[in-house]
């Protein structure tokens with residue numbers, strides 16, 4: 001059954017669009033956390049809820065995502081189109097900034113960096129930067 005459309009002012013529609021986008025993204029992240037086993041080198045998701053609670057929460061998240069779609073249709077919110085290339089480029093740039101800030105010369109705010117580790121440490125960071133630089137954009 002097609003939803004009836006409701007006219008909102010441009011400002012209200014823009015505000016609703018922004019809110020729905022943020023909520024949808026957060027729900028998507030919750031869903032991802034509930035479904036993907038995330039064991040990385042520097043972090044690990046501790047599964048501290050029961051399988052029943054996980055299933056229940058997945059069901060509720062899916063219901064909420066469907067409600068967002070319903071609201072978007074009723075109030076004719078704008079659909080934001082995002083370029084994967086721009087997302088990758090932005091994340092790659094941020095990674096580059098973070099890693100460059102981790103070079104030994106930039107660590108002075110944390111005290112004297114051990115001189116015997118400078119070359120090896122910076123070389124390790126440079127190796128990671130070289131790998132990151134190979135991500136296509």
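Taken together, the values in this text are just the output of simple stated rules run on the coordinates, not laboratory data. What you see is a predicted model; the values in this text were computed from it and never measured. Ideal geometry is used to build each Cβ from the backbone, glycine not excepted, and the neighbour counts take in all protein chains shown.
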Quiz item: Can you give me the Cα centroid spacing of segment 55-90 and segment 106-137 in angstrom?
Solution: 38
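Do you know the relative contact order of the chain, to the nearest whole percent, from alpha carbon pairs under 8 angstrom that are 6+ apart?
The value is 30 percent.
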Quiz item: Which shape class applies to segment 31-109: rounded if a/c is under 1.5, otherwise prolate when a/b exceeds b/c and oblate if not, where a ≥ b ≥ c are the square roots of the Cα gyration tensor eigenvalues?
Solution: oblate
Practice problem: Find the Rg to Rh ratio for segment 84-133, where Rh is the Kirkwood radius over alpha-carbon pairs and Rg uses the same atoms. | Solution: 1.09
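Helix-only mean residue ellipticity at 222 nm, the chain, DSSP H runs n ≥ 4 weighted -39,500 (n - 2.57), per residue, nearest 500. What is it? Present the calculation step by step, with values, prior to reporting the outcome.
Values: 4 runs with 84 residues, N = 137.
Result for the chain, helices only: -21500 deg cm²/dmol.
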Self-check item: Principal axis dimensions, largest first and in whole angstrom, of segment 10-74 by Cα
Solution: 45, 27, 13
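Can you tell me the FRET efficiency between residue 46 and residue 115 if r is taken as the Cβ-Cβ distance and R0 is 41 Å, rounded to the nearest 0.05? Intermediate values should be presented prior to the final figure.
On the way: r = 38 Å, r/R0 = 0.93.
For R0 = 41 Å, the calculated efficiency reads 0.60.
Hey, what does the equivalent ellipsoid look like for segment 1-136, semi-axes from the Cα gyration tensor as sqrt of 5 times each eigenvalue, largest first, whole Å?
On the way: eigenvalues 359, 98, 34 Å².
Largest first, segment 1-136 gives 42, 22, 13 Å.
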Self-check item: Length added when fully stretched, residue 9-residue 76, from 0.36 nm per residue minus Cα-Cα
Solution: 23.0 nm
Quiz item: Calculated FRET efficiency, residue 108 and residue 137, Cβ-Cβ r, R0 35 Å, to nearest 0.05?
Solution: 0.65
Exercise. Specify the angular offset, from 0 to 90 degrees and rounded to the nearest 10, of the alpha carbon long axis of helix 51-74 from the longest principal axis of the alpha carbons in the chain.
Key: 60
